[in-house]
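Read the structure below first, then the notes.
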Amino acid sequence: MNPELSVSRRIRSTPFTSRVEAAGVTGYTVYNHTRLATKFQSIEADYWHLCEHVQVWDVSCEKQVAISGPDAYRLIQLMTPRDLSKAYVGRCFYVPLCNPQGGIVNDPIAIKLSDNNWWLSIADTDVMLWAQGLATGFNLDVSVTEPDVWPLAVQGPKAEELMARVFGESVREIKFFNIKAMSYQGVDMQVARSGWSKQGGFEIYVNDASLAGPLWDELFDKGQDLSVGPGCPNGIERVESGLLSLGNDMDYDTTPFECGLGQYVDLDANIDSLSLPALRQLVPQRQLKGLVIDQACTISDSNVYLGDLCVGEITSQAYSPKYGVHLAFVLCSLSALGTNLTLDAHTNLGILQGQLTPLPFNFDALGLIPKTPAK
Ligand code: THG
C-alpha cells in the first residue's frame, strides 16, 4: 500500500501552485510547511532535461527569514560560525547555522540587503522561531519576520539566455552567488545567480504575488524554442553534484566538520557566535563521504558494513544515469571505518561492494566518462 499524504491549508500553497499543477506535477514533498514539487515526468527524465535545457522551479518553500534593526548583524553572527563581519551588499553567503553544541540548525544563504536588513533563505527548519527566541533572550533590537517572498529558480544550461530575454541583457553580468535588484513590470526583485543544482542558473526572489503567474507564463512563452520545462530540485542531479540536504545528510546532531561544511566555519575569527566555543573543542567522530557502486541497484539497508561491523549510514542515494553507477552519501564512523576504502552495502541485488570517495564526487578521478541521454 502507498497511502497518500493528505493536504490542507497547513501545507501552504504558493503563488505558483496553480502553474505547477497545470504543468503536470506528479510528486510533492513538504518543506518549511510548504509544497515543493519532487517530479514532473520522472526523476530521470527531469534530470536529463535539467542537464540539457532550462527549467523553472517553484522554490517558494525556501522561506526568507528577514532580520531587521540595529542588532541584525549581531543576531545573525550569533547563529553562524562563518565570519560575516565583512559581508557586503550584493553577495550571497552560504552559512551553516549552529546551536551551542555545534550541531547544524539550518544551512541557509545569507543575503545582506542593507546594513540593518538581512535575509536568511532557509532550508527546512523553523529558523524564525529560533531567531525570535535568541532576540528575546539576548534582548536584541531587531524584528524577525517571514516576509511574503517566493523564490523562483531558473536552472539549466540555457537559463542565462532565458533570463536575458525576460530581465534584459544585464542579467548576464551577475556573477555566481552575486545578487542585485532587477525590475520586473516596474517592481524591483532581487535576482541572484544561484540555485540548488550545478547546471547553472538564477533565483528570482518574487515579492509581489500578483506578478508570480505573469512571470511564470513569460518564462514559458519566451523559452519555447529553448525547450523550457517545469522542474524542481532533482534527486539525481543534486547527489551527483554533492549538494547537501538538511534533514537527510545532516541534522541538529551533525557538525559542519562532519558533513563537509567545515570550509564555512571560521574557527579563528574574533566574532561572537554561539557555536564557536564548541566547534573549537570538538573532534569529529564521523565524516560524510561519497560511495560509488559500479552497477544500478537500490541500497535497502541504511546501515553499511565491514563484514558484520556497521561503519556508517546512508543519508542519500541515487542511480547516476550519466555515469552508469549508483551513488550515495554515507556518514561514516571514523573509528569503525579505519583506513578502509571499500565497504559492503545491502542492496536489492544482495551485498555489493562500494568504493568510498571524497565529496563532491570527482568523476574524472574515478575514471568515469559521462554519457549523453538516450534519445
Ligand atoms: N537557494 C536559496 N535558498 C535555499 C537554497 C537554495 N534555501 C534552502 C537550501 N537551498 C539551502 N541550502 C543550500 C545548499 C547549497 C547551496 C545553497 C543553499 C549552494 N552551494 C554552492 C556549492 O556548494 O557549491 C555554493 C556555495 C558557495 O560557493 O558559497 O549553492 O538553493 N535561495
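The values are calculated or read from the model by the stated rules, or taken from the named source; none is laboratory data. Values in this document were obtained by computation on a predicted structure and should not be read as measured data. In this analysis, Cβ positions are derived from the backbone assuming ideal geometry, glycine residues included, and neighbour counts consider all displayed protein chains. Accessible surface is based on the protein model in full, side chains and every heavy atom, while ligands, DNA and RNA are left aside. Shrake-Rupley method; radii C 1.70, N 1.55, O 1.52, S 1.80 Å.
Taken as Cα centroids, the range 314-375 and the range 125-172 sit 33 Å apart, rounded to the nearest whole angstrom.
Using only Cα coordinates, the Kirkwood hydrodynamic radius of the chain works out to 21.8 Å. Residues 58, 266, 141, ordered by accessible area of protein heavy atoms at a 1.4 angstrom probe radius and largest first, appear as 141, 266, 58. Counting only heavy atoms of the protein chains and using a 1.4 Å probe, residue 210 has close to 80 Å² of accessible surface.
Over all pairs of different C-alpha atoms, the range 23-138 has a mean inverse distance whose reciprocal, the Kirkwood radius, equals 15.9 Å. Stretching residue 282 away from residue 251 to a fully extended chain increases their span by 9.5 nm, per 0.36 nm per residue minus the current alpha-carbon distance. Look at where the Cα atoms of the range 1-62 and of the range 193-218 average out, and the two centres are 14 Å apart. Rounded to the nearest angstrom and listed largest first, the equivalent-ellipsoid semi-axes of the range 185-250 from its Cα gyration tensor are 26, 16, 10. Largest first, the three principal axis extents of the alpha carbons in the range 97-191 are 48, 28, 20 Å in whole numbers. When every alpha-carbon pair in the range 145-200 is counted, what percent end up more than 14 Å apart? Cα-Cα pairs in the range 145-200 separated by more than 14 Å: 56 percent.
Computed from label points 7 Å out along Cα-Cβ, the spacing between residue 178 and residue 7 is 3.8 nm. Averaged over all directions, how much area does the convex hull of the C-alpha atoms of the range 225-375 cover when projected, in nm²? Average projection, Cα convex hull of the range 225-375: 12.4 nm².
Once the Cβ-Cβ distance of residue 209 and residue 341 is raised to the sixth power relative to R0 = 51 Å, the FRET efficiency obtained is 0.50. For the range 154-280, lysine pairs with C-alpha atoms less than 18 angstrom apart, excluding pairs fewer than eight positions apart on the same chain, total 4. In plain terms, the C-alpha convex hull of the range 232-311 casts an average shadow of 7.8 nm² when viewed from every direction.
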